[in-house]
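Comments concern the structure below.
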Amino acid sequence: MAKTALITGVTGQDGSYLSEFLLDKGYEVHGIIRRSSVDYRERIAHLEGTPHFHLHYADMSDSMSLVKLVGKVQPDEIYNLAAQSHVQVSFDSPEFTADVDAVGVLRVLEAVRTNHLEKTCRIYQASTSELYGKVEEVPQSETTPFHPYSPYAVAKLYGYWIIKEYREAYNMFCCSGILFNHESERRGETFVTRKITLAAARIAQGKQDCLYLGNLDSLRDWGYAKDYVECMWLILQHETPEDFVIATGVQHTVREFATLAFRHAGIELRWEGEGVEERGIVVESQKSNVKSGDVVVRVSPDFYRPTDVVNLLGDPSKARRELGWNPQKTSFEELVELMVKHDMQKVRNQHVNLAEYLEKGIVK
Ligand code: NAP
Ligand code: G4F
């Protein structure tokens, strides 16, 4: 019998890769979507209409919708990926973030209990390295104390603990994957990696002059999202419900990511100055519209956070040992290269499309 999975956050970066992964494994996949004034479901457009992929309207802030949907779908596995996932935005919308990222997890757990599925339905919770926040040790593992450092992280900490509580109180198979940053060609465009790869592509093609960033010294353990969704599944196939750190075990600064991304776009950078005065300056360029001495990266305090997490490095030993997962399947260098390659093409195509539209008189 094919298993049935319900994915919240199916339209997001991870939801789209996980859908592909589970469909490949023969699952019946159901996803939750929200009503919006524009139908913007780019990441899953290629799956819509395929026989084993089903979409339903519901919302993490609407318990009735979740109770009804879980009853209708009767999932064997739930992957709770839905969240207001942007850390900086959580400072502007802390209450919404708490409702979706904290109480939302409780709503999913109660929807399962209300439908009497607690003995059969396994639940994966998308926990985060942001829980370590103002880090108390480096690297961080399953036993490192938490010190959340943003409204987002505080909300996610509730999610982590309520999952643990329901596991112990009701003997439910529910677990957290404590995932470190993972990126891809489908990463949201306001997260730092994607913001950089898109800007490098636009600057290389003469469509943007300068990229403005915040804290360049921030250290992250960046992996490839496609590799990480496999772990979500492995965690739910494990004999016992347990929490796992998922990371590469390698860290880099935002500055290093930018240097490498620009290099892949054909622009060699050097860095000068400190703090808000720091600038990324072109040393050498293969692009005719960018010349040596141009300043293509500047710092803007607009992207500083009231409290910033600056030293994330995960220890994936437990996942490697108990799940047989390979943390270094895609290296940092390969990740940056594949993102830049994708965005060079995307920016090129945008130009083609615009030219086509202009020709047809659609855009004046
Ligand atoms: P993402 O691209 O921002 O996707 C978030 C998803 O949540 C989208 O499908 C979004 O739907 C949905 N969502 C937001 N609010 C909702 C609501 N009220 N009701 C229903 N759905 C809602 O995030 P991601 O990068 O794929 O991350 C997936 C999960 O892992 C998130 O929980 C995130 O916090 C966590 N996480 C991510 C990382 C990472 O590095 N990517 C690391 C650790 C943990 P719309 O498309 O309608 O907005
Ligand atoms: O790319 P970021 O916005 O990701 P952040 O804050 O680490 O959060 C992401 O990863 C978490 C896992 O640790 C997830 F839980 C969360 O949902 C999300 O997916 O920022 C990374 C770092 C930060 O220190 C930030 O201050 O980059 C720094 N940064 C520097 N300039 C910037 C910028 N971040 C953004 N978004 N934009 C900038 O211009």
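The values are calculated or read from the model by the stated rules, or taken from the named source; none is laboratory data. Computed from a predicted structure; not experimentally measured. With ideal geometry, Cβ positions are generated from the backbone for all residues, glycine too; neighbour counts draw on all protein chains shown.
With (1) closer than 16 Å to residue 335 by Cα; (2) touching a strand residue (DSSP E or B) at 6+ places or on another chain (Cβ under 9 Å) as the list, and residue 185 as the residue in question, which single condition is left unmet?
Residue 185 satisfies all of (1) closer than 16 Å to residue 335 by Cα; (2) touching a strand residue (DSSP E or B) at 6+ places or on another chain (Cβ under 9 Å) except (2).
Name the residues in the stretch 182-232 that are touching a Ser or Thr at 6+ places or on another chain (Cβ under 7 Å) and basic (Lys, Arg), would you?
If the condition is that a residue be touching a Ser or Thr at 6+ places or on another chain (Cβ under 7 Å) and basic (Lys, Arg), then 186, 187, 226 are the ones that fit.
Given the options 298, 321, 305, name the one that is loosely packed, with under 13 Cβ neighbours inside 10 Å, at pLDDT 95 or above and not hydrophobic (A, V, I, L, M, F, W, C).
321
Can you name every residue in the stretch 176-191 that is within 12 Å of ligand 1 (Cβ to nearest atom) and not hydrophobic (A, V, I, L, M, F, W, C)?
Of everything in the stretch 176-191, those that are within 12 Å of ligand 1 (Cβ to nearest atom) and not hydrophobic (A, V, I, L, M, F, W, C) turn out to be 176, 177, 181, 182, 183, 184, 186, 187, 188, 189, 190.
Just checking, how many residues over the stretch 33-60 are of a type in the set (S, T, N, Q) and within 19 Å of residue 73 (Cα to Cα)?
Keep residues of the stretch 33-60 that are of a type in the set (S, T, N, Q), which gives 36-37, 50.
Applying the additional criterion that residues be within 19 Å of residue 73 (Cα to Cα) yields 50.
Residues flagged as of a type in the set (S, T, N, Q) and within 19 Å of residue 73 (Cα to Cα) within the stretch 33-60 amount to 1.
Can you tell me how many residues within the stretch 155-175 are more than 13 Å from ligand 1 (Cβ to nearest atom) and either of a type in the set (Val, Ile, Thr) or more than 24 Å from residue 6 (Cα to Cα) (or both)?
Adding up the residues that qualify gives 1.
Is it the case that some residue within the stretch 222-233 is out of contact with any Gly (no Cβ under 9 Å at 6 or more places or on another chain), under 19 Å from residue 180 (Cβ atoms) and either without any contact (Cβ under 8 Å) to a residue 24 or more places away in the chain or of a type in the set (Lys, Arg) (or both)?
Yes, because at least one residue in the stretch 222-233 is out of contact with any Gly (no Cβ under 9 Å at 6 or more places or on another chain), under 19 Å from residue 180 (Cβ atoms) and either without any contact (Cβ under 8 Å) to a residue 24 or more places away in the chain or of a type in the set (Lys, Arg) (or both).
Take the residues in the stretch 12-61 that are basic (Lys, Arg) and surrounded by 16 or more Cβ atoms within 10 Å (Cβ to Cβ); name whichever of them is farthest from residue 228 (Cα to Cα).
41
Could you check the stretch 140-154 and list, in sequence order, the residues that are among the aromatic types (Phe, Trp, Tyr) and away from ligand 1 (no atom under 13 Å from the Cβ)?
146, 149
Exactly one of (1) within 14 Å of ligand 1 (Cβ to nearest atom); (2) within 28 Å of residue 273 (Cα to Cα); (3) touching a Leu at 6+ places or on another chain (Cβ under 9 Å) is unmet by residue 200. Its number?
Every condition holds for residue 200 apart from (1).
Checking residue 99 against (1) part of a loop (DSSP other than H, G, I, E, B); (2) more than 26 Å from residue 219 (Cα to Cα); (3) free of Cβ contacts under 8 Å to residues at least 40 places away in the same chain, which test does it fail?
(1)
With among the aliphatic types (A, V, I, L, M), closer than 30 Å to residue 302 by Cα and crowded, with 17+ Cβ neighbours inside 10 Å as the only criterion, which of 100, 105, 73 stands out?
The conditions single out 100.
For the stretch 197-211, does any single residue satisfy the condition of being within 14 Å of ligand 2 (Cβ to nearest atom), closer than 23 Å to residue 97 by Cα, in contact (Cβ under 8 Å) with a residue 24 or more places away in the chain and out of contact with any Lys or Arg (no Cβ under 8 Å at 6 or more places or on another chain)?
No - not one qualifying residue is present in the stretch 197-211.
Sort out which residues of the stretch 238-288 are assigned to a loop (DSSP other than H, G, I, E, B), over 30 Å from residue 317 (Cα atoms), in contact (Cβ under 8 Å) with a residue 24 or more places away in the chain and in contact with a Gly (Cβ under 6 Å, 6 or more places away or on another chain), and write them in order of number.
Passing the criteria: only 287.
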